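Asks: A single structure is presented below for examination.
Read-outs: derived from the displayed coordinates by stated rules, not from any lab. Since the model is a prediction, treat every value here as computed from it, not as a measurement. Cβ placement follows ideal geometry from the backbone for every residue including glycine, while neighbour counts extend to all protein chains displayed.
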Amino acid sequence: MATVVDLITYPVKGCAGTSVDSTYLTSAGLAHDRSFMVVSVEGVYRTQRRDPRLALVRPTASADGSRLTLASAEPDSGHGTLHLDVTTSAPRRDVDLFGATYQGIDQGEEAAEWLSDFLGVPSRLVRVPPEHDRIADGLTPGTSGYADSSAVHLLSRASLALLNTRMAERDAPPLAMDRFRPNVVVDSHPEGAHGEHGDDWAAEAHAEDRIRRMTIGEAELGYAKLAVRCAVTLVDQEAGARGGPEPLRTLAGYRRFSAGGVVFGAKFAVVRPGKLSVGDEVAVQEWGEAES
């Protein structure tokens, strides 16, 4: 059978993720996932495509979301740890995410100064307002916070293993899962059954592309779209710096998408919220043909 082997939430869009043993899946994604976003003074979102040092910011949200901690992955950088009381009552401001205008709650001067100093560019931190009602596109419609699109990004270890095998043929070193910033990582259980669309489906690379409806723990998810990959995958998440042409160069050789770009992993909308835990079975109720 297929099981969850890692759950990763990214409280601040573009910053480092945190692995958790269990969490609640809301209609907008894993609890607190992409609930905060770093923006320019003008309100335009910051991304690792332009500001790769975002990867070195280690955010942690409290269970109830009332506190946020920002820490540096560079212990000798001189940047202390910031403990922030999150506000939801401050005035809203316009923020720009991929050219669309949303609202954000500014988290104040202390957060702005910490991020501006760390990133080297004037920055502000905003939070998704409670009334945020963004509609995410895809085969199964849903909502999300400040994620690029859909609420949940799922990727299998088998898909990464195939990519690393193909990269090795180019004498390129293997990449870790964090290059792709998934929320849910699945793997094949060694005792699973084999066969087409069988319980051991996660042993097949890119089988996640064909899932149309599934349950994990208490939650149910519906397929939205394939994950089109961008230049963020070129950023070494441990170094906070852009590396070479991989993995996009290798992916272009076998994962081109007819609508443009290369794809790796799948995005899902939340049909029924509920608790998720590492070790949960991923039970597929409906399969479809992979988009091409």
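Asks: Stick to the Cα atoms of the range 32-127, pair each with every other, and give me the Kirkwood hydrodynamic radius in Å at one decimal.
Replies: 13.6 Å
Asks: Another question, then. Mind putting together the pair-distance distribution for the chain? All Cα pairs, 5 Å bins, whole percent per bin, short to long.
Replies: Binned Cα distances yield the sequence 1, 6, 12, 17, 18, 17, 14, 9, 5, 2, 0, 0.
Asks: Extending each Cα 7 Å along its Cβ direction at Val41 and Glu74, get the distance between those two points in nm, one decimal.
Replies: 2.2 nm
Asks: Can you tell me the 0 to 90 degree angle between the C-alpha axis of helix 157-168 and the longest principal axis of the chain, rounded to 10?
Replies: Between helix and principal axis, roughly 90 degrees.
Asks: Rule-of-thumb check for the range 135-250: C-alpha Rg over 2.2 N^0.38 Å?
Replies: 1.15
Asks: Hey, another quick one. Report the Stokes-Einstein translational diffusion coefficient (µm² s⁻¹, integer) for the range 11-55, Rh taken as the Kirkwood radius over Cα pairs, at 20 °C with viscosity 1.002 mPa s.
Replies: Calculated translational D: 184 µm²/s.
Asks: Now for a separate question. Return Ser62, Ser258, Ser77 ranked ascending by Cβ neighbour count within 10 Å, so the fewest neighbours appear first.
Replies: Ser258, Ser77, Ser62
Asks: How much length, in nm to one decimal, is gained on full extension between Leu139 and Asp236, taken as 0.36 nm per residue of separation minus their Cα-Cα distance?
Replies: Extending this stretch completely gives an extra 31.8 nm.
Asks: Give the distance, in whole Å, between the Cα centre of the range 228-280 and the Cα centre of the range 68-103.
Replies: Spelled out, the Cα-based centre of one part sits 24 Å from the other.
Asks: Further, regarding this structure: Please identify which residues in the range 131-175 have an amide N closer than 20 Å to a label point set 7 Å out from the Cα of Thr87, following the Cα→Cβ vector.
Replies: Output list for this probe position: 131-132.
Asks: Classify the range 47-87 from the C-alpha gyration tensor, please: rounded if a/c falls under 1.5, else prolate or oblate depending on whether a/b exceeds b/c.
Replies: Oblate.
Asks: Across the range 20-37, in residue order, what do the Karplus-derived ³J(HN,Hα) couplings come to in whole Hz, using 6.51 cos²θ - 1.76 cosθ + 1.60 with θ = phi - 60° and x for Gly and Pro?
Replies: The phi angles translate into 10, 6, 7, 6, 9, 8, 8, 5, 9, x, 4, 3, 6, 5, 6, 7, 10, 8 Hz.
Asks: If you don't mind, another one. Taking one equal scatterer on every alpha-carbon of the range 115-177, how large is log10 of I(q)/I(0) by Debye at q = 0.20, 0.21, 0.22, 0.27 1/Å?
Replies: Here the Debye-derived log intensity ratios amount to -0.85, -0.86, -0.87, -1.04.
Asks: Rank Glu131, Glu220, Glu208 by mean-square fluctuation in a GNM of the chain with C-alpha springs under 10 angstrom and give only the top-ranked residue.
Replies: Taking springs between Cα atoms under 10 Å, the residue moving most is Glu131.
Asks: Then there is this: Using helices alone, what [θ] at 222 nm do you get for the chain, with -39,500 (n - 2.57) per DSSP H run of 4 or more residues, divided over all residues and rounded to the nearest 500?
Replies: Computed mean residue ellipticity for the chain: -2500 deg cm²/dmol.
Asks: Calculate how steeply helix 109-119 sits against the longest principal axis of the alpha-carbon atoms of the chain, using the helix alpha-carbon long axis, and give the answer as 0 to 90 degrees to the nearest 10.
Replies: Result, in degrees: 60.
Asks: Label-point separation (nm) for Glu110 and Gln285, each offset 7 Å from Cα along Cα-to-Cβ?
Replies: Computed distance between label sites Glu110 and Gln285 equals 4.5 nm.
Asks: Here's something else I'd like to know. Using a Gaussian network for the chain with springs between C-alpha atoms less than 10 Å apart, which of these wobbles most: Ala63, Ala205, Ala112?
Replies: Its mean-square fluctuation being the largest, the pick is Ala63.
Asks: Among Asp64, Asp209, Asp236, whose mean-square fluctuation peaks in a Gaussian network model of the chain (Cα, cutoff 10 Å)?
Replies: Evaluated over the chain, the most mobile residue of the options is Asp64.
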